[in-house]
Amino acid sequence: MDVVIDNIGLYWSGFLKTLQICLYAAVGSLALGTVLGAFRVSPLPPLRWVGTGWVTVFRNCPLTVVLFFVAFGLPEIGVNGAYFWFGVSGLVLYTSAFVCEAVRSGVNAVPLGQAEAARAMGLTFGQTMTQVILPQSFRATVPPLASVLIALAKNTSVAAAFGLLEATARMRGFTNNQADDRPLIFLTFAIGYIIIVEVMSAGAFGLERRWRTAR
Amino acid sequence: MSSLLFDTPGPRTRARHRVYTAVASLALLALLGLVLWRMYVTGQFDYELWEPFVTPDFVVAILVDGLVETLKMASLSVIFAVVFGLVFGIGKMSQHAMVRAPCWLVVEFFRAVPLLLLIIFIFFLAGTGDGFGSFWSVVFGLTLYNGSVLAEIFRAGIEAVPRGQGEAAYAIGLRKAQVMTLVLLPQAVKIMLPAIISQCVVALKDTSLGYYIIAPGLTRVGKAIYGQFGNQFQTALVLAALYIGANLVLTWLATVAQRRFVGEQKQLDVPMGAGQAGGA
């Protein structure tokens, strides 16, 4: 335990980096995933194909390979940048596929009669979307999106393999130096991740309960 | 065809959609062209960079040392994980709090901890030096994580069996173990099978985490190849294609199992099963 207490600064900086990656990647993948979800339910076939293709590729490809492609493959074709942004964009590419599926399932969860009734009342497309469909699908999207974001928080650890000094990379450094304390070091880092995961799932549960409506 | 978002389009809307479709297609083709052009400019189509993937010796190495090792790692860990999940999933449903609590703790712990952290810990604790090596470190890490997710799937599956089944079994005088093995499990397996196969996809993807501790499998072979040829871009594409191909086969199996055993119902959903949503 002394190792961690003596190096509490490194511990914090590791988890701070984890949270930072997670935040940027969450914002990016929510945005991209929503666009892709809109593609998948759009009436234009080419956009639907892009959405489907994206989901098929990135849901079946390991995150390690995606990050590898972004961090080592893109510089080969002349795309350069900081490792931090490579890590974030790899996570965004990967996570957006899962966000897309969550968004799509949310839209599909709205009963068909709701939209038909709205149209029958003479609401325009914009009104139907903003007043009737999106508020309902938004609620249905909360639980799957929470799962996706929790997975994202854990997946930030994979960025450790690509030169980002977040919590998992810090643990690796600690265990290298202090062979005897490995179980304790592991536990302290595990607890850090568990706190992040539990806070997120408690938040999601709270939102779900708050927005639940009587049907 | 009318859908949730749109009514059946009329002639004017159809004409407008044709215009949008053309614009969208052009934009997408332009994007694809840009990528291909960048690849061409930076010489990514050079034969030397693709050479290892058309040379028989290398192809054999990729398939035997890479794909087969990866599949071996995944299938071993899935087999162990099923056992682990069965034990802890049933443990979580025990009527004795003394059994339930530790099972709950173990399952929640391994579900919340990032798999890579776990694998690194196992590797440095017992895998390096005289230990059991990186292969088994990955297998054990995958077992603990997927086993915990499977424990939740098993529990949800058993709870999805209609209550009357268990009650009837008790009523005809079966013991607790008999109710589980003769009545509940056989029915639950059918419900769970698609979710279990989906979890195999996660396990197969997660074998790639062995990259960090240089475990055998596709990632290590890939590393050796780009180390020699300097073709990171091509190696990433080929590795991705192999993983995606293998996973699509598994996904197809899951769909077949779903249709055959479960019917049109929704696939068993395990909430907050972060693994279900993304794995690592």
Only one residue in A:L165, A:L134 is crowded, with 17+ Cβ neighbours inside 10 Å and over 22 Å from B:V107 (Cβ atoms). Which one?
-> A:L165
Filtering the stretch A:114-131 for residues that are among the hydroxyl-bearing types (S, T, Y) and exposed (fewer than 14 other Cβ atoms within 10 Å of the Cβ) leaves a count of 2
Taking only the stretch A:42-59 into account, find how many residues are without any contact (Cβ under 8 Å) to a residue 24 or more places away in the chain and surrounded by fewer than 21 Cβ atoms within 10 Å (Cβ to Cβ).
-> 11
Which residues, counting only those in the stretch A:157-215, are among the basic types (K, R) and part of a loop (DSSP other than H, G, I, E, B)?
-> A:R212, A:R215
Out of all the residues in the stretch B:18-40, is one or more part of a helix (DSSP H, G or I), free of Cβ contacts under 8 Å to residues at least 24 places away in the same chain and closer than 25 Å to B:K223 by Cβ?
-> yes
Identify the residue in the stretch A:170-202 that is in contact (Cβ under 8 Å) with a residue 12 or more places away in the chain and of a type in the set (G, A, S) and, among all such residues, is farthest from A:L152 (Cα to Cα).
-> A:G173
Report those helices (runs of 4 or more DSSP H) wholly inside the stretch B:48-143 carrying at least 1 residues which are within 14 Å of chain A (Cβ to nearest Cβ).
-> B:69-92, B:97-112, B:115-122
Mind counting the residues in the stretch A:1-56 that are within 30 Å of B:T8 (Cβ to Cβ), assigned to a helix (DSSP H, G or I) and aliphatic (A, V, I, L, M)?
-> 6
Go through (1) surrounded by 12 or more Cβ atoms within 10 Å (Cβ to Cβ); (2) within 30 Å of the chain's Cα centre (by Cα); (3) of a type in the set (A, V, I, L, M) one by one and return the number of the condition B:V64 breaks.
-> (1)
Does the stretch B:155-171 contain any residue that is touching a Gly at 6+ places or on another chain (Cβ under 6 Å) and either buried (at least 18 other Cβ atoms within 10 Å of the Cβ) or among the β-branched types (V, I, T) (or both)?
-> yes
Answer from A:L145, A:L74 - the residue that is surrounded by 20 or more Cβ atoms within 10 Å (Cβ to Cβ), assigned to a helix (DSSP H, G or I) and within 10 Å of chain B (Cβ to nearest Cβ) = A:L145
Answer with yes or no whether A:R172 is touching a helix residue (DSSP H, G or I) at 6+ places or on another chain (Cβ under 7 Å), of a type in the set (K, R) and within 23 Å of A:R212 (Cα to Cα).
-> no
Pick from the stretch B:1-17 the residues that are facing another protein chain (nearest Cβ under 9 Å) and outside any loop (DSSP other than H, G, I, E, B): which of them is surrounded by the fewest Cβ atoms within 10 Å (Cβ to Cβ)?
-> B:T13
Residue list for the stretch B:193-251, filter: within 11 Å of another protein chain (Cβ to nearest Cβ) and of a type in the set (D, E, K, R) | B:K205, B:D206, B:K223
If you go through A:L91, A:L30, A:L16, the only one that is surrounded by fewer than 22 Cβ atoms within 10 Å (Cβ to Cβ), aliphatic (A, V, I, L, M), more than 9 Å from chain B (Cβ to nearest Cβ) and under 14 Å from the mean Cα position of the chain (by Cα) is A:L30
Condition broken by A:S105, with the remaining ones in (1) outside any loop (DSSP other than H, G, I, E, B); (2) closer than 30 Å to B:T235 by Cα satisfied = (2)
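Read-outs: derived from the displayed coordinates by stated rules, not from any lab. All figures in this text were calculated on a predicted structure; none of them were measured in a lab. Cβ sites come from the backbone with ideal geometry, for glycine too, and all protein chains shown count toward neighbours.
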